[in-house]
Amino acid sequence: MTAQKILLLVLDGIADRPCDALDGKTPLQAAATPVLDRLAKESVCGIMDTIAPGIRPGSDTAHLSLLGYPPKRYYTGRGPLEAEGCGIKMEAGMIGFRGNFASLDSNGTIIDRRAGRISSTEPLCAAIRDGVDLSAFGVEFFFEPGAGHRAALAFRGEGLGASVTSNDPKHEQLPPLPIRPMTDAGSDLRTAEVANEFLRQSQEILFDHPLNKQRIAEGLLPANVVLIRGAGVMGRFEPFSEKWRMTGSVISAAALISGIGSAVGLEPVPVPGITGSADSDLKAKIAYTEKELERKDFVLLNIKGADEFGHDGKPLMKRDFIGVIDSALAPLLERNDIIIAVCSDHTTPCSVMDHAGDPVPIIIHGPGVRVDLVSLFDEISAATGGLGRIRGGDLMPILVDLINRSEKYGA
Ligand code: ZN
Ligand code: ZN
């Protein structure tokens with residue numbers, strides 16, 4: 001039997017280094033992972049440099065690489081991909097920013113960079129969409145809410161650059177900064193002027209907005225200023241369906257990851273109850289993934305949470321959350337009809353509290369796979385497996401070959 005479909009399961013930042021608090025084990029080694037271990041036992045295993053050895057990947061560049069889009073060629077910054085993930089249809093050449101709502105006091109000083117963790121900003125975003133007018137610049141803008149206090153902004157127009165600074169002073173008790181061009185190019189100056197005008201008009205709208213008046217009356221912080229950063233020009237992506245001759249979907253709570261999927265032509269599938277944190281409804285994610293696999297050839301499923309514990313330097317909590325992920329994956333043990341690749345997008349060592357360049361474990365499970373002798377899913381066991389050490393850019397060709405859709409090279 002040959003599998004027809006592929007599930008790429010990325011356990012965000014799950015890989016780690018040996019932790020003192022875990023007697024020198026990694027959280028993956030220390031966690032109870034019967035499901036992942038059984039998958040590993042029935043898989044070909046290895047380790048993978050998602051970009052290249054020693055390169056510390058961002059989640060964005062790592063996912064591009066895993067999908068077969070070399071980040072050196074395709075990555076133009078986080079803003080445009082996150083804007084795509086917030087539902088803005090980014091065309092090549094458009095300028096994207098990621099952003100969030102914050103709270104200003106009457107003196108124009110930022111008193112909370114997350115606007116009191118406001119949970120829904122759609123009415124504010126709608127007021128900005130209706131009220132801000134950038135036609136004097138010949139620029140069209142798009143502004144959409146993200147999760148919680150987050151949002152995304154995009155500009156479409158001629159002669160716009162993306163080398164501009166952020167208005168976020170990064171600290172509270174300071175006023176927002178003016179956006180400045182970072183080069184002498186007229187295009188960057190123009191974007192800075194457009195962005196400053198957008199921010200000026202949106203702030204006026206937000207200050208008078210009934211939702212903010214109501215929040216203040218209730219003793220909550222108003223969401224009366226927008227902070228934007230991560231400007232980038234949207235690139236041109238060869239469609240996934242042409243590159244790999246497969247249809248596909250992406251399931252992720254992170255706007256950045258669904259944005260990357262959407263940018264290459266995977267359909268983002270919203271799942272109710274997913275948060276991108278440890279309280280996410282992982283079982284719903286698996287159920288939606290299985291449903292997508294009925295109608296698509298390929299699904300990219302990203303599960304966050306473990307990465308956060310790495311960033312927070314919490315090895316025991318990371319270990320325990322890995323156990324939670326593991327039990328949610330149980331339905332996958334029944335799937336002997338598809339190719340399942342399980343990996344991480346980067347290592348997030350608790351000792352570093354950020355991403356590191358160490359390779360990640362990878363297992364490939366399904367019909368036709370040459371099962372090796374590895375029987376545990378962790379960084380050290382996987383290193384002895386039959387895949388050896390591969391790069392992220394090798395993954396899609398290997399998976400496509402396993403469903404016998406790879407083109408012959410030569411006679
Ligand atoms: Zn990541
Ligand atoms: Zn991270």
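The values are calculated or read from the model by the stated rules, or taken from the named source; none is laboratory data. Please read these numbers as outputs of a predicted model, since none were measured by experiment. Cβ: placed from backbone, ideal geometry, glycine included. Neighbour counts: every protein chain shown. SASA here: full protein model, heavy atoms, side chains in, ligands and nucleic acids out. Shrake-Rupley method; radii C 1.70, N 1.55, O 1.52, S 1.80 Å.
Return yes when R98 is open to solvent by 30 Å² or more (accessible area, probe 1.4 Å), basic (K, R), closer than 22 Å to R236 by Cβ and within 16 Å of ligand 2 (Cβ to nearest atom) and no when it is not.
The answer is yes for R98.
Of the residues G93, G68, G108, G87, which is at positive phi, under 15 Å from the mean Cα position of the chain (by Cα) and open to solvent by 10 Å² or more (accessible area, probe 1.4 Å)?
G87
Looking at (1) surrounded by fewer than 24 Cβ atoms within 10 Å (Cβ to Cβ); (2) within 16 Å of ligand 1 (Cβ to nearest atom); (3) over 26 Å from H365 (Cβ atoms), which is the only condition E82 fails?
(1)
Which condition breaks for G77 when tested against (1) touching a residue at least 40 places away in the same chain (Cβ under 8 Å); (2) more than 24 Å from L316 (Cβ to Cβ); (3) within 15 Å of ligand 1 (Cβ to nearest atom)?
That leaves (3) as the condition not met.
How many residues are open to solvent by less than 10 Å² (accessible area, probe 1.4 Å) and not β-branched (V, I, T) if we restrict to the stretch 294-310?
8
So which residues in the stretch 36-62 are assigned to a helix (DSSP H, G or I), in contact with a strand residue (DSSP E or B) (Cβ under 9 Å, 6 or more places away or on another chain) and over 12 Å from G393 (Cβ atoms)?
Matches in the stretch 36-62: L36, L39, A40, S59.
Which one is surrounded by the fewest Cβ atoms within 10 Å (Cβ to Cβ) among residues in the stretch 1-25 that are part of a loop (DSSP other than H, G, I, E, B) and within 16 Å of ligand 2 (Cβ to nearest atom)?
Ranking the candidates gives R17 first.
Quick check on my filter: what residues within the stretch 354-411 are part of a loop (DSSP other than H, G, I, E, B), open to solvent by 20 Å² or more (accessible area, probe 1.4 Å) and among the acidic types (D, E)?
Correct list: D354, D358, D372, E407.
Considering only residues that are farther than 16 Å from D279 by Cα, assigned to a helix (DSSP H, G or I) and more than 14 Å from ligand 1 (Cβ to nearest atom), which ones fall in the stretch 294-319?
The answer is E294, R295, P315, L316.
Determine which member of the set D326, D312 is among the acidic types (D, E) and more than 16 Å from P34 (Cβ to Cβ).
Exactly one of D326, D312 is among the acidic types (D, E) and more than 16 Å from P34 (Cβ to Cβ), namely D312.
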